[in-house]
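S.K.: First, the structure itself, so that you have it in front of you.
The values are calculated or read from the model by the stated rules, or taken from the named source; none is laboratory data. Remember, predicted model here, so these are calculated numbers, not experimental data. A quick note on method: Cβ atoms are made from the backbone with ideal geometry, for glycine too, and the neighbour counts reach across all protein chains shown.
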Amino acid sequence: MKKILAFSGGNRKQSINKALAAYAVGQASKASGEVIDLVDYEAPIYNQDLEEEQGIPQAIVSLQEKLDEADAYIIALPEHNGLPPAAFKNTIDWLSRHKQGFFGQKPILLLSASPGKFGGANALSAVEGLFKWWGGEVIGKFSIGEYHAKIDESGALKDEESVEALRGLVESIQNKIEVVDA
């Protein structure tokens, strides 16, 4: 069975983006899903001098192994001042030093959730075009604003329009990895 790896680009313990990534991968019916936390793969702030002195952190090597095992990715990016958070940028910096094209030419679904009106759409727009440099193919994006008003007590989306849109995107990524295998 194909595998979709899901994670948030942030490092907050109670991240709504982590919850959204987990919810999205849970909608997959034709692929297995795994949710990881970037906190488990933390590395010092990237610095070329540090890299030359100490090499690539083991956490980044381990994260790359996880990325290599997956057939597709669901990445939910928080928005900090219109951009993805520093934790995501730092992880990308280290991964790119370890392996060019570290997403392995695999499909990616980009998500963002925010308590604000625009749902983190600026963060998605800021990085969407960069994924091809990192070896990823963005096949869809989804942002949801006013997140807390659109989920139920269990954390599931209750806004029918959002549920259907996200379901369709998850179906698309599943179809994409099935076609690649055919």
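S.K.: Taking Asp71 as meeting all but one of (1) acidic (Asp, Glu); (2) over 17 Å from Ala24 (Cβ atoms); (3) in contact (Cβ under 8 Å) with a residue 40 or more places away in the chain, write down the number of the exception.
M.R.: (2)
S.K.: With respect to Asn17, determine if the residue is farther than 21 Å from Gly135 by Cα and either in contact with a Phe, Trp or Tyr (Cβ under 6 Å, 6 or more places away or on another chain) or at pLDDT 95 or above (or both).
M.R.: yes
S.K.: Would you check if there is a residue in the stretch 148-158 being exposed (fewer than 15 other Cβ atoms within 10 Å of the Cβ) and either at pLDDT 95 or above or touching a strand residue (DSSP E or B) at 6+ places or on another chain (Cβ under 7 Å) (or both)?
M.R.: Looking for residues that are exposed (fewer than 15 other Cβ atoms within 10 Å of the Cβ) and either at pLDDT 95 or above or touching a strand residue (DSSP E or B) at 6+ places or on another chain (Cβ under 7 Å) (or both), one finds at least one in the stretch 148-158, hence yes.
S.K.: Still on this structure, I have one more. Any residue in the stretch 103-115 that's over 10 Å from Tyr73 (Cβ atoms): show its pairings with residues that are among the charged types (D, E, K, R) and part of a loop (DSSP other than H, G, I, E, B) at Cβ separation under 9 Å, as long as the two are six or more apart or on different chains.
M.R.: Final answer for the pair search is Ser112/Glu79; Ser114/Glu79; Ser114/Glu146; Pro115/Glu146.
S.K.: Quick one: which of Ala59, Ala43, Ala72, Ala76 is more than 20 Å from Ile16 (Cα to Cα), hydrophobic (A, V, I, L, M, F, W, C), in contact with a Lys or Arg (Cβ under 8 Å, 6 or more places away or on another chain) and at pLDDT 95 or above? Write out each step before concluding.
M.R.: On the way: Ala59 fails: in contact with a Lys or Arg (Cβ under 8 Å, 6 or more places away or on another chain); Ala43 fails: in contact with a Lys or Arg (Cβ under 8 Å, 6 or more places away or on another chain); Ala76 fails: more than 20 Å from Ile16 (Cα to Cα).
From the options Ala59, Ala43, Ala72, Ala76, the qualifying one is Ala72.
S.K.: Another question, if that's okay. Here is a check on your reading of the model: is Glu65 among the charged types (D, E, K, R), on the phi < 0 side of the Ramachandran plot and free of Cβ contacts under 8 Å to residues at least 12 places away in the same chain?
M.R.: For Glu65, the condition - among the charged types (D, E, K, R), on the phi < 0 side of the Ramachandran plot and free of Cβ contacts under 8 Å to residues at least 12 places away in the same chain - is met.
S.K.: Here's something else I'd like to know. Quick check: is even one residue across the stretch 17-39 in a helix (DSSP H, G or I) and over 23 Å from Ile151 (Cα atoms)?
M.R.: yes
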